[in-house]
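Where a number appears in this text, it was derived from the coordinates with a stated rule and is not lab data. The model shown is predicted, which means the values in this text are computed figures rather than measured ones. Reconstructed Cβ throughout: ideal geometry from the backbone, glycine too, with neighbour counts over all protein chains shown.
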Amino acid sequence: MMKLYIRSASAISPQQTFGDVPFLAETVIYNTPRLAAIEPDYKPFLDPKLSRRMSRVIKMGVATAKDCLQQADLVLPDAIITGTAYGCVEDTNVFLTRIIEQEEEMLPPTAFIQSTHNTVAAQIALMLQCHAYNNTFVHKSFSFESALMDTAMLFAENEASTILVGGIDEITDANYVIFSRFDTYKKGNFTNTDLYSVNSPGTIAGEGAAFFVLANEASANDMACLDAFQTFYKPVDMEQDILNFLFANAVTLEEIDLIISGKNGDAITDVPLDLLEKGLFKNNQIAHYKHLCGEYPTSSSFALWMAANAVKNGALPGLDASIKKVLICTHYQNKYWSLMLVSAC
Amino acid sequence: MSSPVYVAGLGAISAIGNNVAENLAALKSGKAGMADITYLKTKYAHEIPAAEVKFSNEQLAAITGFPAHMSRTALLSSIAAKEALDDSGVKNIEGLRIGFISANTVGGMDKSEHFYEDFLKDDQSGDLLDVINHGCGNITELVADKLGINSYVTTISTACSSSANAIFFGARLIRAGILDAVVAGGTDAFTKFTLNGFNTLMILDREFCKPFDEERQGLNLGEGAGYVVLVADKVAQQLDKELYGKLSGYDNSNDAYHQTATSPEGDGPYMAMQGALKRAGLQPSDIGYINLHGTGTPNNDQSEGTAVMRLFDGNYPPMSSTKSFTGHTLGASGGIEAVFSLLALKHGLVFPNLRFETQMKELPFSPQTELLTDQPINHVLSNSFGFGGNCSSLIFSKA
């Protein structure tokens, strides 16, 4: 698989990440196990008439996509590809609730129209008048990674030279309640910065949108390169899989300046990453990200945004090492593992 | 295009049959699958017809070996995907990297809407088993695990073009050398969510739908699943069987006109068909049959028809919408219609467009109304267009 050049990256997240802000300078503290995306003023990105009818996930997706294109000075990408596990949950909830409460009578169509999983990619195409390839992957914690796979293949097929790709998911009140009933989250009050020090079951809910302009060739303005990525479903020996991944990409752990590890605070499913951090990665600098964005299926897109910015800046706040090469190692429930190798170009 | 990708297996379940043979028999005999709504509980049961698969969830569960509380979307998927996989014989070859690329739009909504009735009264009530597999990806994963497929598994959701995109994504994974074989297509169950959604848009026909008819009044919803098994050249050579054909062309273009409506000029549909022809290295005159998207809504058929008129420019191959049999199966339609297209190719058939009476004023052609047999068909074009302007076309050719 060939290198993907990251021309630009934009994220709306529970941290101050969008617009002209210093890179993760201060951590926004939350005292509940639910982190909410900090939404910007959408006016520069969206017609207010349009945005009034849009749910949060659509607004977040469209705004980060447009910001990304502006940063990359790109008018039309050769493809638009999104990953979202939950899709447009708010609109889905609204329409479902009305069907039941109004007993299938007199329903307004807007929520239904905007409930399909491809709405964000479609709205971007509509706004840009972009007729290019347009796809949406909805495969749980691999949704964003599938979008990256599609991107990499389009480049290899010479079908595209710049692609807009993003990961988007929202958490709604209803879904927070439902996931809580599955004991997904911490109970009671919880502070996100304590995520890795409190040994208790559950994680914290998160959400966000992260978009990228990826290119098949180097330019003068690349933030970083995505050298390689790979997913592993229910791996038997993840340590060996990591070593194989590094070997296949001719990289040693000594060359990795930073590991971005996807621990989410759940005492049970964090064990495999704890073992890796204390074992295989014991000589590496390690940073975490899920205390910043919370846990959600496309949170690896936030990790990629963080890695790209760390490489671009050569630094991550709180670490003194110069950062040129980053390995993202993340998983959800020890079932969906994902590796990404990000380097200075 | 680079190395060919062949079709080695087919699987389908729809309102007109529970397997490929039954679907083919119904297509040949002109037997449509629409009826009064029987299995879905809705106030529209006697008002709006639909094309349901003629099994209860309990019966589907018994066939698949899944528990009966499982989403109908997964039950339907499991039946058609297994049929395709068994038909292909790829499981008999040791060491193949097999993928499962499945599309759907509703996920486990059939169960979630049941859960929500209780949940809205009290957010601590409602059976959690009914929402645990709500996600589109959950449906795919349940079936992949059941089939024992794990080399590459993912889910695509681009509304009604979903499974056409899944099929050619699967083909590209083979070409990229990532997989040797892939089960690709899609599934969707009939739900209150989609029934009410399309009803609010006022595009559901109260009678059986009449695609490409001047008097068409909208679509009938259907349900089902359809899958093809795509294999690399070297796998095709190892399989001791006649292949159905090859995927020679494909395209995904966006109409970029409106969230739900297609442009009057049919720009997206035109680009999708033209792009598929270009990738296949074919001319419009090479196409022997068009399996139209043909939902029966005033907007789609006008837009798609205009695109066909622009592209084929006077030389129209026989064409029909098999949604006049199956209803619109949404995320499954591209998969089911890919199966029908391959059957047309293999058996030299053009399936009839049922209930067509009156020529559309704006079009110079009309769909095929009677079954045609012994046709010299070398290439079939299959169209799938969806909400969000997502337009995809596939071309299947003789192997």
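Of the GluC sites (Glu not before Pro) in region A:58-105, which ones lie in a loop per DSSP and count no more than 12 other C-beta atoms within 10 Å?
Hits after loop and neighbour filter: A:Glu103, A:Glu105.
Normalise the Cα radius of gyration of region B:5-238 by 2.2 N^0.38 Å (N = residues in it) and let me know the number.
Ratio of Rg to 2.2 N^0.38 Å for region B:5-238: 1.04.
Express the C-alpha Rg of region A:305-344 as a ratio against the empirical globular expectation 2.2 N^0.38 Å, rounded to two decimals.
1.30
Given springs between every Cα pair under 10 Å in a Gaussian network model of chain A, which of A:Ser180, A:Ser299, A:Ser261 has the largest fluctuation?
Result for chain A, Cα springs under 10 Å: A:Ser180 fluctuates most.
Near B:Met271, within a Cβ-to-Cβ distance under 15 Å, what is the net charge of the other residues, with Lys and Arg +1 and Asp and Glu -1?
With Lys, Arg at +1 and Asp, Glu at -1, the neighbours total -4.
Can you give the Rg to Rh ratio for region B:132-234, taking only C-alpha atoms and Rh from Kirkwood?
1.07
Run down the lysines and flag those whose C-alpha is under 27 Å from the C-alpha of A:Lys43, throwing out any fewer than 8 positions away in its chain.
A:Lys59, A:Lys66
Excluding A:Tyr42 itself, what net charge comes from residues whose Cβ is under 14 Å from its Cβ, given Lys and Arg +1 and Asp and Glu -1?
+3
Could you tell me what percent of the DSSP beta bridges with both partners in chain B are antiparallel, to the nearest 5?
Roughly 65 percent of the beta bridges in chain B run antiparallel, per DSSP.
Over the Cα atoms of region B:254-295, Rg to Rh with Kirkwood Rh, two decimal places?
Value, to two decimals: 1.02.
Take every Cα pair under 8 Å in chain A that's 6+ residues apart, average their separations, divide by the length, and report that relative contact order as a whole percent.
Taking the mean separation of contacting Cα pairs over the length of chain A, I get 25 percent.
Quick one: which of A:Lys282/A:Lys335; A:Lys335/B:Lys234; B:Lys278/B:Lys398 span more than 21 angstrom between C-alpha atoms?
A:Lys282/A:Lys335; A:Lys335/B:Lys234
Show that you can apply the helix-only estimate: for chain B, add -39,500 (n - 2.57) for every DSSP H stretch of four or more residues, divide by all residues, and state [θ] at 222 nm to the nearest 500.
-10500 deg cm²/dmol
Percent relative contact order of chain B, based on C-alpha pairs within less than 8 angstrom and at least six residues apart?
The normalised contact order for chain B reaches 23 percent.
Would you kindly work out the equivalent ellipsoid of chain A from its C-alpha gyration tensor and give its semi-axes, the square roots of five times the eigenvalues, largest first in whole Å?
For chain A, the semi-axes come out at 30, 25, 18 Å.
Beyond 29 Å, what percent of the Cα pairs of region A:89-248 remain?
Cα-Cα pairs in region A:89-248 separated by more than 29 Å: 40 percent.
Using just the C-alpha positions of the protein assembly as shown as equal point scatterers, what log10 of I(q)/I(0) does the Debye formula give at each q in 0.10, 0.11 1/Å?
Here the Debye-derived log intensity ratios amount to -0.93, -1.13.
How large is the translational diffusion coefficient of region B:93-153 in µm² per second when you combine the Kirkwood radius over alpha carbon pairs with Stokes-Einstein at 37 °C and 0.692 mPa s?
For these conditions, the coefficient is 250 µm²/s.
Report the trypsin sites (Lys or Arg not before Pro) located in region A:196-286 that are in a DSSP loop and have at most 15 other Cβ atoms inside 10 Å of their Cβ, or state none.
A:Lys282
Counting Lys +1, Arg +1, Asp -1, Glu -1, what net charge surrounds A:Asn31 among other residues with beta carbon under 14 Å of its beta carbon?
+2
Stokes-Einstein D for region A:227-343 at 4 °C, 1.567 mPa s, Kirkwood Rh over Cα pairs, in µm²/s?
92
Based on alpha-carbon positions alone, could you give the equivalent ellipsoid semi-axes of chain B from the gyration tensor, as √(5λ), descending, whole Å?
Semi-axes, largest first: 29, 27, 18 Å.
Please state, to two decimals, what the Cα-based radius of gyration of region B:296-368 comes to when divided by 2.2 N^0.38 Å (N = residues).
1.13
Once region B:245-397 is represented by equal point scatterers at the alpha-carbon sites, with solvent omitted, what log10 I(q)/I(0) does the Debye formula produce at q = 0.19, 0.20, 0.21 Å⁻¹?
Each listed q corresponds, in turn, to -1.17, -1.32, -1.49.
List every residue whose amide H lies under 5 Å from the amide H of A:Ala228, counting only residues 5 or more places away in sequence or on a different chain, with H placed 1.01 Å from N in the peptide plane.
The list, which skips near neighbours in sequence, is A:Leu341.
On a straight-distance basis, which aspartates and glutamates could pair with B:Lys121 in a cross-link, Cα separation under 20 angstrom, same-chain partners fewer than 8 positions away excluded?
B:Lys121 reaches A:Glu90, A:Asp91, A:Glu101, A:Glu103, A:Glu104, A:Glu105, A:Asp173, B:Asp110, B:Glu113, B:Asp130.
Taking 8 Å as the Cα distance limit and 6 or more residues as the minimum spacing, I'd like the relative contact order of region B:5-238 as a percentage.
Averaging sequence separation for qualifying contacts and normalising by length gives 30 percent for region B:5-238.
Size of region B:1-121 along its principal axes in angstrom, Cα-based, largest extent first?
54, 39, 33
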